[in-house]
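Structure first, commentary second.
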Amino acid sequence: MKNIIIANWKLNPATLKEAKQLFDAVKKDIKKNKNVQVVICPPFVYVPCSMFHVSWLALGAQNVSSEEKGAFTGEVSVDQLKDLGVEYVIVGHSERRKYFGETNEIINKKLQRVLAVALHPIFCIGENTGEDKQEVLKQQLTEGLKNISENDVKNVVIAYEPVWAIGTGNSCSVDQLMASVVLIKNIISKLYTQEIADQVAILYGGSVTSKNSGDYLFGAGINGLLVGGASLKAEEFINIITSAN
Ligand code: PGA
């Protein structure tokens, strides 16, 4: 399996011109590093831009509606994303949980919608400071994956993102990450089977930089990284991709 490096641009950049500049600065290196699957998740409004619709890149969305269609002002559906060539959808990011009130139940609905149209959900889970990691991960996984079949769960990409590590510079240690991966696999093996737990891709996110990316990928045995802040700095992002190749 290729390492997956996901750029989560969040609510950036402010203009299409800047988005193009950022993409132009990294595209040569994305193309060059053939052993890595790079996924760029720009804000919705930039998704249709032709620059992203190239064979050597996968396009991702940062969110999706839990509803299929109809009177839901401001929402974007899975069918609309699929029609625009989106392949991956971030679901349940901690910022969605914190600022937009997304519950495990809503996240479960979104995961089911994304899987129903054969896109890959990037299912974010992670504990906050002071929370019982084991309990939080168990609840997020159990409720988030409710009614998702063995067949479908193989298409879910899990992104372990401890909330205390996101955008703070307090990255998780390799040992902490390894322990969390064991915990996640153990929970999934109880919900499904050990075989499935071994097949599901697990990524790490939270203050990833070019200085720690290699250690995570090769020291903790994960399948990729979800990169926020560092994906907005061309040189940093290129170095992260290169470390994963
Ligand atoms: P960060 O964000 O890399 O800026 O910590 C990661 C994320 O929110 O996915």
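Please give the calculated 222 nm ellipticity per residue for the chain, where each DSSP H segment of at least 4 residues contributes -39500 (n - 2.57) and the sum is spread over every residue; nearest 500 deg cm²/dmol? My calculation for the chain gives -11500 deg cm²/dmol from helical runs alone. Sorting the Cα pairs of the range 102-183 by distance into bins of 5 Å, from 0 upward, gives 3, 14, 24, 24, 17, 12, 6, 1 percent per bin.
For the chain, a crude dipole built from +1 on the beta carbon of Lys and Arg and -1 on the beta carbon of Asp and Glu, taken about the Cα centre, is about 580 debye to the nearest 20. Here the spin labels are modelled as points 7 Å beyond Cα on the Cα-Cβ line, and at GLN176 and LYS133 they lie 0.7 nm apart. Direction-averaged projected area, Cα convex hull, the range 60-100: 3.0 nm², rounded to one decimal. Between THR73 and TYR99, with labels modelled 7 Å along Cα→Cβ, what's the label distance in nm to one decimal, could you check? It is 2.1 nm. Normalised radius of gyration (Cα atoms, divided by 2.2 N^0.38 Å) for the range 141-245: 1.11.
In straight-distance terms, cross-link reach from LYS27 covers every one of the lysines whose alpha-carbon lies under 25 Å from its own, apart from those fewer than eight places away in the same chain; here that gives LYS2, LYS10, LYS17, LYS82, LYS211, LYS233. What separates the Cα centres of the range 42-62 and the range 98-126 is a distance of 20 Å.
Just so you know, the Cα atoms of the chain work out to an Rg and Dmax of 16.8, 48 Å.
For the range 100-233, the relative contact order is 23 percent, taking Cα pairs closer than 8 Å that sit 6 or more residues apart in sequence and dividing their mean separation by the residue count. Shape verdict for the range 1-93, please, from the Cα gyration tensor: rounded (a/c under 1.5), prolate (a/b greater than b/c) or oblate. Verdict is prolate for the range 1-93.
Taken together, the values in this text are just the output of simple stated rules run on the coordinates, not laboratory data. All figures in this text were calculated on a predicted structure; none of them were measured in a lab. When we count neighbours, we look across all protein chains shown, and the Cβ atoms used for this are built from the backbone with ideal geometry, even at glycine.
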